[in-house]
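Student: Pasting a structure below so you can have a look.
Each value in this text was obtained by applying a stated rule to the coordinates, not by laboratory testing. Just so it is clear, the structure is predicted and the values come from calculations on it, not from any experiment. Here the Cβ positions follow ideal geometry from the backbone for every residue, glycine too, while neighbour counts run over all protein chains shown.
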Amino acid sequence: MKTIRFLLMVLASLSLWPVWADRPDSVYVFAYSPDGSGLRFAWSSDGGRWNRIGPDYCFLSCDYGPWGSEKKMFHPVLYRQNGLWHCVWSLNQRDGRLAHSSSADLVHWKRQSYPLLMPDGGNCLNPAVLPLSQTDGATLFWQSGDKAQKRYFQSITQDYKAYSPAKETASLPEKALYACLRDGLGDGCLLKVPASVIETLENAAYRSTSLNALYAETCAGDAERFAGLQAVSAELRIDLKDTKAISDHLTGIFFEDINYAADGGLYAELVQNRSFEYKVEDTKGRNPNWTASYAWSLFPEEDGKLQIRSQDGLNGNNPHYAVLEFSPQASTLHLANEGFDGMVLKKSETYDFSLFAKMPQGGKARVDIRLEDENGHILAEKGLIISGTTWKKHQVSLSPAASTGKGRLVLVFNAFPGCQIALDMISLFPRHTFMNRPNGLRADLAQCLADLHPGFVRFPGGCVAHGDGLDNIYRWKNTIGPVECRKSQSNIWRYHQSMGLGYFEYFQFCEDIGAEPLPIIAAGVPCQNSADGGQQDGIPMEEMDEYIQDILDLIEWANGDARSEWGRIRAKAGHPKPFNLKYIGIGNEDLITDVFEERFTMIHQAVKEKYPDIRIVGTVGPFYQGTDYEEGWDLADRLQIDLVDEHYYNPPGWFIYNQHFYDQYDRSKPTRVYLGEYASHLPGRPNNLETALSEALYLTSVERNGDVVEMCSYAPLLAKEKHTQWNPDLIYFNNTDIRPTVGYYVQQLYGREKGDVYVNHQLRLDNPAWKVTQRVASSVVRDSRSGDLIVRLVNMLPVSVNSSIHLQGEDSPTLHAVCYQMSGQPSDRNVVPQKSELTVQPDFELQLPAYSFLCLRISH
Ligand code: AHR
């Protein structure tokens, strides 16, 4: 708050503060939502000439339905009742729901609700409201049907939570409030209010617009902004005796199967659509070719057909399979899989091939398994015989004679004319995976993650965790056990998840790299952006016990001994020792609605009752402020949740000017923060030195608050070239190359060079200009295991900063320092840390080049 107040004082001193003309004590206000885009206000002293506030500032946005196509507010009706403002509006032409929210000041709005008023069908249009005089409730009226057949209905609510069944009514009562049309503004509601209300609204709009303008600052304007600025001198006084404990796993990674991060990415399987489960709906109908035979081709075409069947499939979780039907003259057919943009095959390495097959009509077939390069040269070949009318697994291993980055798998079937061969789970897996785990991870990509030295790994998302609608919620039990028995499903990012990289592989990876697992489970509600129903629906109450049991089972699977029901399943999968799970996240940036709160509370209570030591991470919405943030924190305070997961993707300017975000945190609260998703976003969404430096700068303040911020993770992590739904990401890759970004190296310098003790220090610049001081930041931590001191300095100025560093209380006359320096032009995308070694004394000088991040590890 202090920072915000200070910013506003600065803006006021620049004479940008709004100036109000003489205004009567009470004025007209018109509350409207142009084209459904959310609540705006205009005021007028005479009801004739209107002044738009903001002039287009949105005070309340509708949260109903997916972004883009929905989230609309039509016909807002605003009224004040018993000291509280209420707003009721209609949502669309379709659903039988209206929307409601309330506010004390018209600026901060409480959670929204979308009561289902027409459960048996029918829509809710043009609402009107008659507030009840005795209570805080109201009678809501609405129109239903279309223009040709209008009918009016009404329902009474005492608390805006429970509504009486809809009753048809002949007409609206005279006194009912409803939206009317006002030229130039649209439809909305007219009220008379004290002039002070307009001042509150104008202040809020002005404050927000001014701050957003400040946050929109980019380095592109630095030449002008810092014209004439000379090199700055800085003095850094580090008091080695003044310390506090901070989290020893502050930075970690956020893994989500977005941008082909899992299938075609980290999961080492080379065959795409190996179990013939792709479907057009995975892409929401956008790609008609995305069918069960996607990525497969059969040739010669005239010699046979590839059919997809689901009767007598491998198992209920994996119902579809392919049947090759030989035409009456044919005895040879080729079936090829193109992989994910081709397959990388390396000379002399071993590849494990497997498939499930049967001959539904009996007989025998020979199949030659070929690994080919892009020119059709055979790099490896082995044969096997298929027979029997029931499913049987076959496996061979192959070793290519040469390497290719664009190979493919070709199966050559030799059988009798007219025969049928059924196939499923056709897999080609490199033997060499990360730590040589079977069904493991692509070694180079996993190593790149390990090199970040993450303190924890979040999984499986992000939006993937709560899914696209109730049926798409990620269920961990579908992702363990033999791969052919796992239940694949549509990915919310519009492709397919094989679940080959499931919970077992995830926990194994965490253990292999020494990171805490941080699984995120849906809070009984799907992603607020779900295409069907979405956030407004929750798992039906009668199914919640089973859902909660699944969560308790996950904890037993992770931590129970090998004799427990779920511990036994883990042991059977090859891990008798418990994984030692400490955290579980419930929810992902959900809207904090009643539907959410009810379910979250049930899960929270059940987990705490059975596993009091498991630290639960709650959620506070997708932004750093606003209704979900406030309501989420309010719920956290009431339930005393261990941690909450904050998310914000903001411009670099936000990170520069919000370095005090956690300084004012109330440390007496039990709740700690997990900054679970953040990244600096510039227009065009690059990951460059400017974004990376703003993250490095902000992280100095996160580290300073490492006693309340327990964990943080940049998001998203991985992106495959040509399959990227979201930018920027931390690591870009294709099948052969990995391109860590500038931001990656910032994360690495925090993850690898980490401390568990924060060392107090003062940084003073000789130039006190506010915009200058905000661009230079420092952080000092000690790694108590090695005793090393880690000093981080960030300079986001276009000039160098000459610093003198004083290690107060240091006894040794000379020390050894390893320095990692990143510097360049803000738009550079290829900056990597430069390492140097130096000998320093307790008082030493260091130059920070323009636009640089320096990280020093000082040891005795
Ligand atoms: O990180 C990408 C997406 O951003 C996550 O899936 C979601 O949680 C957030 O909106």
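Student: For the ranges 719-725, 290-296, what's the packing order if you count other beta-carbon atoms within 10 Å of each residue, average per peptide, and put the highest first? Write out the running numbers ahead of the final one.
Tutor: Details: 719-725: 17.3, 290-296: 19.1.
Output ranking for 719-725, 290-296: 290-296, 719-725.
Student: Provide the FRET efficiency to the nearest 0.05 for the residue 230-residue 784 pair, computing r from the beta carbons and using R0 = 41 Å.
Tutor: Working: r = 40 Å, r/R0 = 0.97.
After rounding, the FRET efficiency stands at 0.55.
Student: Based on C-alpha coordinates, I'd like the Rg and Dmax of the stretch 236-281, in Å.
Tutor: Both quantities, over Cα of the stretch 236-281: 22.0, 63 Å.
Student: Suppose we take every Cα in the stretch 640-692 and form the convex hull; what volume per residue is that in Å³? Write out the running numbers ahead of the final one.
Tutor: Values: hull volume 3.9 nm³, N = 53.
Convex hull volume per residue, Cα atoms: 73 Å³.
Student: Could you tell me what % of all Cα pairs in the stretch 113-156 have separations over 12 Å? Mind dumping the intermediate values first?
Tutor: Numbers: 596 of 946 pairs.
Percent of Cα pairs beyond 12 Å in the stretch 113-156: 63.
Student: How many nm is it between the label spots at residue 302 and residue 830, if each spot is 7 Å from the Cα in line with the beta carbon?
Tutor: So the label points at residue 302 and residue 830 sit 5.2 nm apart.
Student: Using R₀ = 35 Å, calculate the FRET efficiency as 1/(1 + (r/R₀)^6) where r is the Cβ-Cβ separation of residue 158 and residue 291; round to 0.05. Spell out each step's value before the answer.
Tutor: Details: r = 52 Å, r/R0 = 1.50.
FRET efficiency, residue 158 to residue 291: 0.10.
Student: Using all C-alpha to C-alpha distances in the stretch 671-771, build P(r) with 10 Å bins and read off the rounded percent in each one.
Tutor: 13, 40, 31, 13, 3, 0
Student: Quick test of the membrane-span-like rule: which DSSP H helices of the chain reach at least 27 Å along their long axis (C-alpha atoms) with mean Kyte hydropathy at least -1.0? Intermediate values should be presented prior to the final figure.
Tutor: On the way: long enough: 195-215 (30 Å, 0.11); 541-559 (28 Å, -0.37).
Answer set is 195-215, 541-559.
Student: Roughly speaking, what is the centre-to-centre gap between the stretch 188-251 and the stretch 97-139 when only Cα atoms are used, to the nearest Å?
Tutor: Taking the Cα centre of each part, the stretch 188-251 and the stretch 97-139 sit 36 Å apart.
Student: Along its three principal axes, how long is the stretch 84-132 when you only count alpha carbons? Whole Å, largest extent first please.
Tutor: That gives 35, 21, 15 Å along the principal axes, largest extent first.
Student: Something else: When 1/r is averaged over all different Cα pairs and the result inverted, which Kirkwood radius in Å belongs to the stretch 18-125?
Tutor: On the way: mean 1/r = 0.0665 Å⁻¹.
This gives a value of 15.0 Å.
Student: With θ set to phi - 60°, apply the Karplus curve 6.51 cos²θ - 1.76 cosθ + 1.60 along the stretch 171-182 and write out the HN-Hα couplings as whole Hz, x wherever there is a Gly or Pro.
Tutor: For the stretch 171-182, the Karplus-derived couplings read 7, 7, x, 4, 7, 5, 8, 8, 7, 10, 8, 10 Hz, x marking Gly and Pro.
Student: For the pair residue 447 and residue 431, how long in nm is the line joining their label points, each one 7 Å along Cα→Cβ?
Tutor: Output for this residue pair reads 1.8 nm.
Student: Separate question: Could you state the number of Å between the C-alpha centres of the stretch 614-662 and the stretch 471-550?
Tutor: 23 Å
Student: Report, in deg cm²/dmol and to the nearest 500, the calculated mean residue ellipticity at 222 nm for the chain, where each DSSP H run with n ≥ 4 adds -39500 (n - 2.57) and the sum is divided by the residue count.
Tutor: Details: 14 runs with 153 residues, N = 860.
Rounded to the nearest 500, it is -5500 deg cm²/dmol.
Student: Enumerate the calculated ³J(HN,Hα) couplings along the stretch 95-102 in order (Karplus 6.51 cos²θ - 1.76 cosθ + 1.60, θ = phi - 60°), each rounded to whole Hz, writing x wherever the residue is Gly or Pro.
Tutor: 7, x, 10, 10, 10, 9, 8, 9
Student: Residue 248 to residue 550: extension gain in nm, 0.36 nm per residue of separation minus the Cα-Cα distance? Don't skip to the end; give the middle numbers.
Tutor: Details: separation 302, 0.36 × 302 = 108.72 nm, distance 3.02 nm.
Going from the current span to full extension adds 105.7 nm.
Student: Any idea how far apart residue 61 and residue 397 come out in nm if each label point goes 7 Å out from Cα toward Cβ?
Tutor: 5.4 nm
Student: Between residue 199 and residue 625, 0.36 nm times their residue separation minus their Cα-Cα distance comes to what?
Tutor: Numbers: separation 426, 0.36 × 426 = 153.36 nm, distance 2.15 nm.
Fully extending the segment from residue 199 to residue 625 adds 151.2 nm.
Student: If you put +1 on each Lys and Arg Cβ and -1 on each Asp and Glu Cβ, how big is the dipole of the chain around its Cα centre, in Debye rounded to 20? Don't jump to the answer; show the numbers that get you there.
Tutor: Numbers: 82 positive and 105 negative charges, 147 e Å.
It comes to approximately 700 debye.
Student: Still on this structure: Diagonalise the Cα gyration tensor of the chain and give the resulting equivalent ellipsoid semi-axes, square root of 5 times each eigenvalue, largest first, whole Å.
Tutor: On the way: eigenvalues 475, 342, 118 Å².
That gives 49, 41, 24 Å for the three semi-axes.
Student: Right, something else. What FRET efficiency comes out for residue 541 versus residue 811 if R0 is 60 angstrom and r is the Cβ-Cβ distance? Round to the nearest 0.05. Don't skip to the answer; put the middle values down first.
Tutor: Working: r = 65 Å, r/R0 = 1.08.
Rounded to the nearest 0.05, the efficiency is 0.40.
Student: Could you work out how much longer the chain between residue 565 and residue 150 gets when fully extended? Use 0.36 nm per residue separation minus the Cα distance between them, nm to one decimal.
Tutor: On the way: separation 415, 0.36 × 415 = 149.40 nm, distance 5.87 nm.
Difference between extended and current length: 143.5 nm.
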